[in-house]
Amino acid sequence: MSERSDAPRHVWVDGRLLPSDGAHLSAFDRGFQLGDGIFETLRVRGGRATELVEHVRRLRRSADGLAIELPADVEELLATGIDALVAAEGHDGPDGDVAVRVTVSRGAIVGRGLIPADESTHPTIVIQAWAVVPPPVGHLERGLRLIASSVRRDPENPLATLKTTSRADYVHARLEARAAGADDAVFLTIDGFLSEATTANIFVVRGSELATPSLACAILPGTTRSWILRWGSRVGLVPAEGWLTTRDLAEADEAFLCSSVAGILPVTVFSGAPIGSGRPGPWTMRARRDREAFIRGDADEDDGDEDGGDTDGGEAGGDTSAGRPPR
Ligand SMILES: Cc1ncc(COP(=O)(O)O)c(C=O)c1O
C-alpha cells in the first residue's frame, strides 16, 4: 500500500478503530470483488458532521436499491463511529475539517457467483477520515474546465441515482477529462441532456435563473444541490430543475459544480470554450462563501438577504426560456 503524508492513521471497521496500515477486510468481501456496496462522503467541520441526517437517508435509499440490509441503528452507529475516528485523528477541535467517507458493502461471502446459494452475511461498514485539502488556487481563481464524457447515463437505469461503489464509469470519465487536459467531465443522458459531473452536481446561472438537471436526469440527488436550490430562493434567484442541454451550459452566464466536500467550484470552460466571461461568476463565489459559512456553523439556513447582496449577478433578466428543452 502506498502511503501519503496526509494519510489517516486510523480506520473504523465494523465498530473497531484500527491502524490504517493493517489488513482490514476479507478478500471475499463483495465490495472488493464486485463493487457490491454503497457509500457516502460528508464534511465534518469543527467536530460537527454536516447534514448527517440527509447522508444517512441517502445511504438507506442506496441500501434499499441494492437490497443491502443496514443495521437498524445505523445512524447512531455512524454518528458514534465518526466522532471516535475524527477524535482519534485529532480533527475534533474547532478548526478540524475532515472529509469522512462511509463505505458499506454487502459483506464477505465465501462463494462464487453474483447471487451465491448462501447469501447470509452481514454488511461490512468502514469509515475513513481525511483532512480536507483546500481546492487548488487555480480551481477557484480560474475555474474548472469541463468536457462531456463519452459515457452516457440512462435515466431509466434504477442504479443511476444510487451512490454505489461501482464507480468504473466515473473513473473512466475522469481519465477522459485528464487526457483532454480538462479538470472534470460531465455526463450526458442517452438523449444528450446534461446529467452531472463525476463527483458533483452541476448548476448554471442565466439571468436570474439558477438551473440544474432535474432528478429525472440520472443524477445523484446531491445534499449540496438541495441546499443550493433553497439558497437560490433565499438570495433572489429563481431555481429551476429541468432538462438542460450542452448549449445551456455553453451559453450560461455562470456555471458551477457542487458537492459535500469540495463545496461550490466555478466552471469557466466547456469543451474548450469560455462560459460567460470565462471567469468565476459572482453568484458562484457567493454560493461558495455562503455554503462554507453554513458548514462552519457561522450561518443558519435562513441567513442571506433577498436581493442578491453584494453580487452583481441576477440583474440580467431577459427571456431565459428561449431554446430550452421541455421541463
Ligand atoms: C456523482 C455525484 N454526483 C453528485 C454528488 C454531490 O452530492 P453531495 O452534494 O451529496 O455530496 C456526488 C458527491 O460525491 C457525486 O459523487
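A short reminder: the numbers here are calculations on the coordinates, not readings from a lab. Note that this is a predicted model, so its numbers are computed, not measured. Neighbour counts run over all protein chains shown; Cβ positions are idealised from the backbone, glycine included.
Helix 74-88 versus the longest principal axis of the chain: what is the Cα-based angle in degrees, 0 to 90, to the nearest 10?
It works out to around 90 degrees.
What ranking do 142-148, 175-181 get when scored by the average of other Cβ atoms within 10 Å per residue, highest first?
Final packing ranking: 142-148, 175-181.
Using a Förster distance of 22 angstrom, determine the FRET efficiency expected from the C-beta separation of Arg57 and Arg230, and round it to 0.05.
On the way: r = 16 Å, r/R0 = 0.73.
Result of the calculation: an efficiency of 0.85.
Extension gain Ala79-Asp21, at 0.36 nm per residue separation less the Cα-Cα distance, in nm?
Length gained between Ala79 and Asp21: 18.5 nm.
Can you give the % of DSSP beta bridges in the range 137-296 that are antiparallel, to the nearest 5?
On the way: 17 of 30 bridges.
In the range 137-296, DSSP labels about 55 percent of beta bridges as antiparallel.
Could you tell me which of Ala185, Ala211, Pro136 has its Cα farthest along the dipole of the chain towards the positive end, charges placed at Cβ (Lys, Arg +1; Asp, Glu -1), taken about the Cα centre?
The residue sitting most towards the positive pole is Ala185.
Arrange Val151, Val110 by Cβ neighbour counts within 10 Å, fewest through most, would you?
The fewest-first ordering by Cβ neighbours comes to Val110, Val151.
Note the full-extension length gain between Glu292 and Arg9 as 0.36 nm times their separation in residues minus their Cα-Cα distance, in nm to one decimal.
Roughly 99.2 nm would be gained on extension.
Order of 203-214, 95-106 by packing, highest average Cβ count within 10 Å first?
Output ranking for 203-214, 95-106: 203-214, 95-106.
Once the Cβ-Cβ distance between Ile190 and Val238 is put in as r, and R0 is 25 Å, what FRET efficiency do you end up with, to the nearest 0.05?
The value I calculate is 0.30.
By counting other Cβ atoms within 10 Å of each Cβ, how are Phe256, Phe270 ranked from fewest to most?
With the fewest neighbours first, Phe256, Phe270 line up as Phe270, Phe256.
Roughly how far apart, in whole Å, are the Cα centres of the range 230-278 and the range 110-133?
Centre-to-centre (Cα) distance: 36 Å.
Quick check: the angle from helix 168-179's long axis to the longest principal axis of the chain, C-alpha only, nearest 10 degrees?
In the chain, helix 168-179 runs at an angle near 50 degrees to the longest axis.
Report the extension gain between Ser150 and Val133 in nm, rounded to one decimal, defined as 0.36 nm multiplied by the number of residues separating them, less their alpha carbon distance.
Residue separation times 0.36 nm, minus the Cα-Cα distance, leaves 3.2 nm.
Determine the relative contact order of the range 10-131: mean sequence separation of Cα pairs under 8 Å and six or more apart, normalised by residue count, in whole percent.
36 percent
FRET efficiency for Arg112 and Ala67, Cβ-Cβ distance as r, R0 = 25 Å, nearest 0.05?
It comes to 0.85.
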